[in-house]
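See below for the structure under consideration.
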Amino acid sequence: MTMIKGHTVLKILGSIVISVVVLAAAGCIAFAPSAKEPGYEFVKAWGEKGSGPGQFSDPTGIAVANGEVFVADSRNGRIQVFDLDGNFKRQFGRPGKDPGELGRPMNLTVHDGELYVPEYFNDRIQVFGPDGTSKRIIGSSGSGPGQFSAPGGVAVGQNGKLYVADFYGQRVQELKPDGAFIRQWGTTGRTSHEVGSFYYPTDVALDHKGNIYMADGYGNRIQVFDAHGNFLRKWGGPLARGIWGPFNGWFKTVTSIAFGPEGNLFAADFYNDRVQKFTPDGTFLTSFGRKGVGPGQFDHTIAVAIAQDGTVFVADFLNNRIQKWWPKR
Amino acid sequence: MNFRTFTQRIQRMAIALSLVLVATSVLAAPATYRLHVDGLACPFCAYGIEKKLNAIEGVELLETNIKEGTVIVTMKDGAALDKATAKKAVKEAGFTLNGFERVAPGDGQRDGAHKQ
């Protein structure tokens with residue numbers, strides 16, 4: 001009798017375990033859409049570890065504008081500029097705190113011909129002319145309005161307003177062009193997976209309507225707000241509540257976001273060694289990349305930028321190189 | 001005292017003197033520590049730990065090995081780092097200190113380490 005009861009209990013437990021596994025698998029499939037585009041093909045890569053021209057020590061940010069690729073060569077404390085084929089053109093900056101110097105430059109943005117550089121160590125946004133002249137500095141260290149604690153990314157609106165991902169501040173700040181505080185999303189210094197809160201935000205991007213897309217880095221999701229600050233949507237894993245994973249539409253630390261010419265959003269999915277592409281409403285379109293050191297492989301994708309013709313440039317962090325990809329036709 | 005005994009005494013004194021010199025040179029060298037932290041692959045994390053550790057008084061040099069998940073901290077002459085201070089800095093960066101050990105100067109400088 002006891003043996004029969006024990007056998008029955010084991011069978012019930014086994015059924016429960018199988019059911020849970022099946023439900024979990026079904027859940028993953030339900031939250032993992034299939035690709036809706038042909039994808040991208042690898043074109044070329046350039047760079048290696050070092051401090052010479054065309055070499056990198058932690059390429060951590062990238063931007064494309066006017067036929068040039070700007071790379072935040074973070075540990076070398078400089079910006080390197082290349083043509084669209086990866087030929088070195090010029091560089092500026094050196095490690096330090098003075099104007100013109102850089103303390104770990106992160107995700108880059110070009111607006112109206114000026115390069116906006118968030119500096120993780122110096123807690124400021126430094127604005128450069130295309131020739132590398134330091135034009136102005138916005139922000140300072142701290143947790144007050146308009147101050148930063150390791151800014152990771154910046155976006156600039158048509159009106160010149162700044163949107164800054166304040167990594168340790170756990171907030172995204174909206175600032176006037178001179179750096180004066182307007183408002184913020186998130187509670188300063190407090191992590192949360194609630195709507196409008198962050199778990200180490202890394203980057204910001206704006207669409208053509210002025211909607212604000214925020215990369216919630218370790219929150220493994222993207223949150224979107226309209227120009228008035230109202231929440232619109234979020235995505236990334238089940239219910240966009242911080243659960244990471246390798247499936248389509250999921251993230252394992254999103255470190256950079258950027259819009260392409262057709263208005264779709266690209267995201268660097270760091271620990272998944274890939275770039276994902278979404279429509280503005282969060283519909284998964286396609287992805288490319290896998291782990292490795294060979295052509296078309298990544299050792300942690302950290303930053304992404306898209307040229308006007310749709311060419312995608314990716315900072316391949318631990319391989320210390322930049323990769324160039326084209327849409328499959 | 002015969003010649004053999006005299007030679008043995010000289011040898012013992014020489015060994016003792018060598019040990020004292022070695023010990024003195026080790027003690028005079030800057031204190032160096034190896035910190036073990038998981039999840040350093042992302043620079044947003046590694047830079048955060050470097051930033052917090054750099055803010056500690058007496059820190060001279062940091063060497064981060066992202067792939068190994070270690071940070072080698074070299075202090076200025078006469079300065080020391082205690083585990084509680086290191087633990088606090090790592091925690092403020094959002095991580096947990098998984099190991100803390102004093103190492104010989106120069107130890108831990110392996111391929112892939114970044115100096116700053």
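The values are calculated or read from the model by the stated rules, or taken from the named source; none is laboratory data. Keep in mind the model is a prediction, meaning the values are calculated, not measured. Glycine gets a Cβ as well: all are built from the backbone with ideal geometry, and neighbour counts include every protein chain shown. Areas reflect the complete protein model, heavy atoms only, side chains present, ligands, DNA and RNA absent. Shrake-Rupley method; radii C 1.70, N 1.55, O 1.52, S 1.80 Å.
Below, the figures for the structure above:
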{"read-out": "Count - residues of the range B:71-94 that are more than 11 Å from every other protein chain (Cβ to nearest Cβ) and in contact (Cβ under 8 Å) with a residue 40 or more places away in the chain", "value": "12"}
{"read-out": "Criterion (touching a Pro at 6+ places or on another chain (Cβ under 7 Å), modelled with pLDDT of 95 or more and open to solvent by 10 Å² or more (accessible area, probe 1.4 Å)) met by exactly one of A:Ile182, A:Ile137, A:Ile125", "value": "A:Ile137"}
{"read-out": "Subset of the range A:47-63 [open to solvent by less than 30 Å² (accessible area, probe 1.4 Å) and away from chain B (no Cβ under 14 Å)]", "value": "A:Gly52, A:Gly54, A:Ala63"}
{"read-out": "Unmet criterion (only one of (1) outside any loop (DSSP other than H, G, I, E, B); (2) within 14 Å of another protein chain (Cβ to nearest Cβ)) for A:Val224", "value": "(2)"}
{"read-out": "Complete set of residues in the range A:294-322 that are among the acidic types (Asp, Glu) and away from chain B (no Cβ under 14 Å)", "value": "A:Asp309"}
{"read-out": "Number of the condition not met by A:Gly242 [criteria: (1) out of contact with any strand residue (DSSP E or B) (no Cβ under 8 Å at 6 or more places or on another chain); (2) closer than 24 Å to A:Pro151 by Cβ]", "value": "(1)"}
{"read-out": "Subset of the range A:98-134 [assigned to a loop (DSSP other than H, G, I, E, B), without any contact (Cβ under 8 Å) to a residue 40 or more places away in the chain and within 12 Å of chain B (Cβ to nearest Cβ)]", "value": "A:Gly103, A:Phe121, A:Asn122, A:Asp123"}
{"read-out": "Residue count, the range A:135-175 (criterion: within 14 Å of another protein chain (Cβ to nearest Cβ) and aliphatic (A, V, I, L, M))", "value": "2"}
{"read-out": "Set A:Thr202, A:Thr188: member being touching a residue at least 40 places away in the same chain (Cβ under 8 Å), more than 28 Å from A:Pro59 (Cβ to Cβ) and surrounded by 14 or more Cβ atoms within 10 Å (Cβ to Cβ)", "value": "A:Thr188"}
{"read-out": "Which numbered condition A:Arg329 misses (of (1) open to solvent by 10 Å² or more (accessible area, probe 1.4 Å); (2) at pLDDT 95 or above)", "value": "(2)"}
{"read-out": "Selection count, the range A:301-315, where residues are surrounded by 24 or more Cβ atoms within 10 Å (Cβ to Cβ) and not β-branched (Val, Ile, Thr)", "value": "4"}
